[in-house]
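**Student:** Quick one: the structure is below, questions incoming.
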Amino acid sequence: DAKTTQPPSMDCAEGRAANLPCNHSTISGNEYVYWYRQIHSQGPQYIIHGLKNNETNEMASLIITEDRKSSTLILPHATLRDTAVYYCIVRDLTSGTYKYIFGTGTRLKVLA
Amino acid sequence: DAGVIQSPRHEVTEMGQEVTLRCKPISGHNSLFWYRQTMMRGLELLIYFNNNVPIDDSGMPEDRFSAKMPNASFSTLKIQPSEPRDSAVYFCASSFRLEGAQGYTFGSGTRLTVV
């Protein structure tokens with residue numbers, strides 16, 4: 001699976017959109033982009049995933065660039081409860097391996 | 001659904017003692033994963049099962065670690081004997097299928113402290 005690069009930390013004002021970037025310049029055609037988050041003292045939580053098209057669900061939006069070398073997770077109206085570590089993961093679902101490599105993620109702090 | 005249930009939430013034990021961590025996956029999920037999280041190494045996959053059968057245990061650090069899944073609704077991770085360096089948060093996760101296309105669901109974890 002391709003590696004990802006994320007900024008170590010970000011701050012966001014409550015009520016504003018939080019835009020979390022992820023670089024995955026070595027991504028291959030079969031690899032999906034997944035986002036998880038981990039709130040303090042809890043297990044990781046699945047947020048969203050995509051292959052090439054932009055995706056939206058009740059939690060967030062995922063914007064993937066046309067060349068697929070980077071993506072952005074958007075939390076449209078961040079709340080204090082969105083303070084967490086956000087992990088961007090690239091996975092090939094057809095590879096036969098099932099090892100998520102979580103990396104160090106981005107620590108998002110939502111400020112009141 | 002109550003989600004993935006792990007027990008105990010916290011465990012403090014003395015070095016050399018046997019420790020058993022428990023996990024109940026989401027009903028209907030046929031894949032189960034055990035992870036360990038430490039500050040130094042982050043989240044590491046230890047072992048995973050599909051349809052109750054261990055598929056890959058290459059992440060298990062030593063022979064002191066063992067895992068079983070006797071049925072679709074229960075799994076254990078055992079450490080015998082435990083050592084202080086085993087102190088970590090251990091997570092169990094489950095998914096409908098191995099590739100977890102719709103994501104894995106994690107439990108709340110067991111915080112293990114070996115003194």
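The values are calculated or read from the model by the stated rules, or taken from the named source; none is laboratory data. Since the model is a prediction, treat every value here as computed from it, not as a measurement. Every residue, glycine among them, receives a Cβ derived from its backbone with ideal geometry; neighbour counts consider all protein chains shown.
**Student:** Mind listing just one residue for me: the one in the range A:35-48 that is surrounded by fewer than 19 Cβ atoms within 10 Å (Cβ to Cβ) and assigned to a loop (DSSP other than H, G, I, E, B) and, of those, nearest to the other protein chains (Cβ to nearest Cβ)?
**Tutor:** Among those residues, the one meeting the criterion is A:Gln42.
**Student:** Something else about it: Mind checking which residues of the range A:70-91 are facing another protein chain (nearest Cβ under 9 Å) and either free of Cβ contacts under 8 Å to residues at least 24 places away in the same chain or not hydroxyl-bearing (Ser, Thr, Tyr) (or both)?
**Tutor:** Hit for the range A:70-91 is A:Arg91, nothing else.
**Student:** Among B:Pro81, B:Pro54, B:Pro70, B:Pro61, which is the only one that is touching a residue at least 40 places away in the same chain (Cβ under 8 Å) and either under 17 Å from B:Glu18 (Cβ atoms) or in a strand (DSSP E or B) (or both)?
**Tutor:** B:Pro81
**Student:** Filter the range B:1-23 for residues that are away from chain A (no Cβ under 14 Å) and part of a strand (DSSP E or B) and give the result.
**Tutor:** B:Glu11, B:Val12, B:Thr13, B:Val19, B:Thr20, B:Arg22, listed by residue number.
**Student:** Moving to a separate point now. In the range B:45-65, what count of residues is obtained for those that are more than 9 Å from chain A (Cβ to nearest Cβ), under 19 Å from B:Gly100 (Cα atoms) and more than 10 Å from the chain's Cα centre (by Cα)?
**Tutor:** Looking only at that region, the number is 6.
**Student:** Among the numbered criteria (1) in a loop (DSSP other than H, G, I, E, B); (2) in contact (Cβ under 8 Å) with a residue 12 or more places away in the chain; (3) within 11 Å of another protein chain (Cβ to nearest Cβ); (4) closer than 30 Å to B:Arg9 by Cβ, which one does A:Thr97 miss?
**Tutor:** (4)
**Student:** More than 12 Å from chain A (Cβ to nearest Cβ), farther than 29 Å from A:Arg107 by Cα, over 15 Å from the mean Cα position of the chain (by Cα) and among the charged types (D, E, K, R) - does that describe any residue in the range B:88-98?
**Tutor:** no
**Student:** Working only within the range A:70-92, note down all residues that are of a type in the set (Lys, Arg) and modelled with pLDDT under 95.
**Tutor:** A:Arg91 - this is the single residue of the range A:70-92 that is of a type in the set (Lys, Arg) and modelled with pLDDT under 95.
**Student:** Sticking with this one: Only one of (1) in contact (Cβ under 8 Å) with a residue 24 or more places away in the chain; (2) of a type in the set (A, V, I, L, M); (3) within 13 Å of chain B (Cβ to nearest Cβ) fails for A:Leu51. Which number is that?
**Tutor:** (1)
**Student:** Something else now. Condition test on B:Gly16, is it small (Gly, Ala, Ser), under 23 Å from A:Gln38 (Cα atoms) and surrounded by fewer than 16 Cβ atoms within 10 Å (Cβ to Cβ)?
**Tutor:** In short, no.
**Student:** I'd like to check something: does the range A:19-34 contain any residue that is modelled with pLDDT of 95 or more, more than 30 Å from B:Pro25 (Cα to Cα) and of a type in the set (A, V, I, L, M, F, W, C)?
**Tutor:** So far as the range A:19-34 goes, yes, one or more of its residues are modelled with pLDDT of 95 or more, more than 30 Å from B:Pro25 (Cα to Cα) and of a type in the set (A, V, I, L, M, F, W, C).
**Student:** Can you pull out every residue in the range B:19-59 that is modelled with pLDDT under 95, of a type in the set (Ser, Thr, Tyr) and surrounded by 15 or more Cβ atoms within 10 Å (Cβ to Cβ)?
**Tutor:** B:Ser31, B:Tyr48 - these are the residues of the range B:19-59 that are modelled with pLDDT under 95, of a type in the set (Ser, Thr, Tyr) and surrounded by 15 or more Cβ atoms within 10 Å (Cβ to Cβ).
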